[in-house]
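Read the figures in this text as sums done on the coordinates, not as results from a lab. Just so it is clear, the structure is predicted and the values come from calculations on it, not from any experiment. A quick note on method: Cβ atoms are made from the backbone with ideal geometry, for glycine too, and the neighbour counts reach across all protein chains shown.
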Amino acid sequence: MNAAQRRVIGPARIILLVGLALLCSAGIAASDAPGRIQVRSAYVSVQGGVFLLNASTIYPLDADIRSALADGLTIQFELQAVVTKARRFWFDSGVVNVTLRRELSWHAVSERYVLRDPVLGGQQVFTALDQALAAAGSVMDWPVVVEPQLEPDGTYEISVRAGVRRGRLPDALRAIIFWSDSWNRSSEWYSWTLPR
């Protein structure tokens, strides 16, 4: 290899390495993007043989959610909890798979955001969207499993994942945008060993 070839290879390698570094940093930046759903923290407390899940999820305050609520759509927030038993020589077995759902809508007359729990029937009212999203992402003392469902000598893992999807549509909008399903977004799984 002569000196001219060495000069060409050196800068080409530098350009290649710089390009790879930029791609890696773009991937890291995309994974920490502010618009993604993230389970920030989660833990389980045990009271009277009932395992109660507490979790904090960050839902993005973005233009899509704002415009959807302003257009009369209901946004559905979900927290899925899965408890599995670890097996040594086979696939882990599922014990519990439950989902907590909440619905957020904009009430145009009162100019308030209304967060409902469709199962329990309760609701909260907020003046600001960021407050409503924070409340939608806060789960306290949600019973997910009871002691009799678990074997005394078993090792169990609990995983939680948060998601957001478009909920109910007004009849007029349902006819117009029935084909659109770009709303289903979810976080990564957040997992840990279930305390015993």
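Observations
- Kirkwood Rh, angstrom, region 33-193 [1 / mean 1/r, Cα pairs]: 17.2 Å
- Summary of packing: across the peptides 150-157, 62-69, the per-residue average of other C-beta atoms within 10 Å ranks them, highest first, as 62-69, 150-157.
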